[in-house]
Amino acid sequence: MTHFPTVERALRTGAPHELLGTLRDALIEQFEATEVDLLVADYSSTVLQPVTDLPHTDRPLAVQTSPEGRAFISQEPFGKYTSQDGTTIDLHLPVTVRGDRLGILTVRLPEHRCTPQAVEEMMGLAELLGHEILVAERDTDLYLQARRRQRLTLAAEMQWQLLPARSCARQEYAIGGQLEPAYDIHGDNFDWSTTADTLTLTVTNGMGEGIHASLLTNLAVNALRNARRAGIGIADQAALADQAIYAQYQGAQYVSTLLLFFEIPTGRVQVVDAGSPQLWRQRDRVVERVDFVAQHPLGMFDETLYEAQEFQALPGDRLIFVSDGVYGAVSGAGEAYEERALARAIQAVSFLPAAAVPRALLEELRAYREADPDDDALVVCLDWFGRGPARSQ
């Protein structure tokens, strides 16, 4: 990549709010680009929002019906001729960081400059831009503001800032998650952390509505993180978080949580089921709920002791985690979603990658209940690939 070091240096040394302008100047000089635009996925992942002068943005583009959305969904570069004589191409490049789909970089350039080598180099630059955006968000609100097509409630602001990301991927697994209603979420949340040989995943449902639910979930997630970072097991993580929540609310408020600890080399999983989130598994073509011994939600009683259970994740397993706002949703005919429709929906989206599954399932849920949700809805998808013998040594 002949131009990569020069552009990388410019991005790393440029002002946080000027990343797009810096990259635009480099692509104009190095690739004869005539237009360079950045679009970021909104909080619902249904539209791509142009990054421009805020607080106003240009017209958003639908993910499902636009060329930019095609590249976003497929995570592959997509080119489209923009001139009748075939001399100009709009090249849409995924801006993705370790599996977290941030948006699309669109570059308009002469057809003769759109060589396989140039496309590969610009793909690398789009990924680099994604890394720099995540760093820049410590110092500027520009990219976070561009994501929103309407104002977030304060509770939703707190919940989205609490998330690690919306998706991630490595050789052994891929994760995707989504919260709805995206701009008015209350108490649902998910979190994960990985090391070379472990993955810790938590799915949380804080009781209540609005800011009260968000404050409760923030306390729970940070208590779990504090315990996890102390290097203790998930049963003790749950116990310490339980104590923190009970000390604050004296049992009047509590948090339903599912905690999982994966041993990556073996696929062995420890689980603490402390409340309402459910786990569904698709193994081969069979979809079924995985039940555990239910224990008290965090903060319900003082000094609750928790025990971890175990199950085995096999390569090819798809694990779907849902909150009660999903499985407890009721159709117009009064049938709960979990009774039949949820398993059918999981089967229907089996061809999608993990990052796209939560959005697709929530769309299915929306059509099922034919009304705006009365409760938060959370879906997390984990595709387990496992570790081959050569990498487990």
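The values are calculated or read from the model by the stated rules, or taken from the named source; none is laboratory data. Computed from a predicted structure; not experimentally measured. FYI the Cβ positions are ideal-geometry reconstructions off the backbone, even for glycines, and counts take in every protein chain you see.
Under 6 Å between Cβ atoms, which residue pairs at least 6 apart in sequence (or on different chains) link something in the range 106-125 that is within 12 Å of residue 81 (Cα to Cα) with a partner that is in a helix (DSSP H, G or I)?
107/27; 109/31
Among the residues of the range 293-318, how many are within 25 Å of the chain's Cα centre (by Cα), surrounded by 12 or more Cβ atoms within 10 Å (Cβ to Cβ) and over 18 Å from residue 175 (Cβ atoms)?
The number of residues fulfilling the criteria is 2.
Can you go through 236, 242 and tell me which one is acidic (Asp, Glu), over 30 Å from residue 329 (Cβ atoms), in the same structural domain as residue 192 (by the TED database) and part of a helix (DSSP H, G or I)? Reasoning before the result, please.
Details: 242 fails: over 30 Å from residue 329 (Cβ atoms).
After applying the criteria, what remains is 236.
Where in the range 1-95 are there strands (runs of 3 or more DSSP E), lying fully within it, with 2 or more residues that are at pLDDT 95 or above?
On the way: elements: 35-41, 47-50, 78-81.
Counting at least 2 such residues, we get 35-41, 47-50.
Enumerate the pairs (first residue in the range 45-63 and more than 20 Å from residue 101 (Cβ to Cβ) and among the acidic types (Asp, Glu); second residue anywhere and surrounded by 17 or more Cβ atoms within 10 Å (Cβ to Cβ) and modelled with pLDDT under 70) with beta-carbon separation below 7 Å, excluding pairs fewer than 6 apart on the same chain, so at least 6 apart or on different chains.
Note: no pairs meet the criteria.
Which of the following residues is closer than 27 Å to residue 181 by Cβ, of a type in the set (Asp, Glu) and in contact with a strand residue (DSSP E or B) (Cβ under 9 Å, 6 or more places away or on another chain): 90, 58, 37?
Values: 90 fails: closer than 27 Å to residue 181 by Cβ; 37 fails: closer than 27 Å to residue 181 by Cβ.
It is 58.
Tally up the residues in the range 21-79 that are in contact with a His (Cβ under 6 Å, 6 or more places away or on another chain) and charged (D, E, K, R), please.
Residues meeting the conditions: 1.
Are there any pairs, at least 6 apart or on different chains, whose C-beta atoms fall under 6 Å, with the first in the range 222-234 and within 13 Å of residue 198 (Cα to Cα) and touching a residue at least 24 places away in the same chain (Cβ under 8 Å) and the second surrounded by 14 or more Cβ atoms within 10 Å (Cβ to Cβ) and small (Gly, Ala, Ser), and if so, which?
Note: pairs meeting the criteria are 234/308.
Looking at the range 245-289, which of its residues are outside any strand (DSSP E or B), more than 21 Å from residue 339 (Cα to Cα) and of a type outside the set (Ser, Thr, Tyr)? Write out each step before concluding.
Initially, the range 245-289 is screened for residues outside any strand (DSSP E or B), giving 245-254, 264-267, 275-277, 284-285.
After this cut, where a residue has to be more than 21 Å from residue 339 (Cα to Cα) as well, the list is 245-254, 264-267.
Matches in the range 245-289: 245, 247, 248, 250, 251, 252, 253, 264, 265, 267.
In the range 187-228, how many are under 15 Å from residue 256 (Cα atoms), over 18 Å from the mean Cα position of the chain (by Cα) and either among the charged types (D, E, K, R) or crowded, with 22+ Cβ neighbours inside 10 Å (or both)?
8
Consider residue 292 carefully, then state whether it is without any contact (Cβ under 8 Å) to a residue 40 or more places away in the chain and closer than 18 Å to residue 313 by Cβ.
On the way: without any contact (Cβ under 8 Å) to a residue 40 or more places away in the chain: yes; closer than 18 Å to residue 313 by Cβ: yes.
So residue 292 passes the test.
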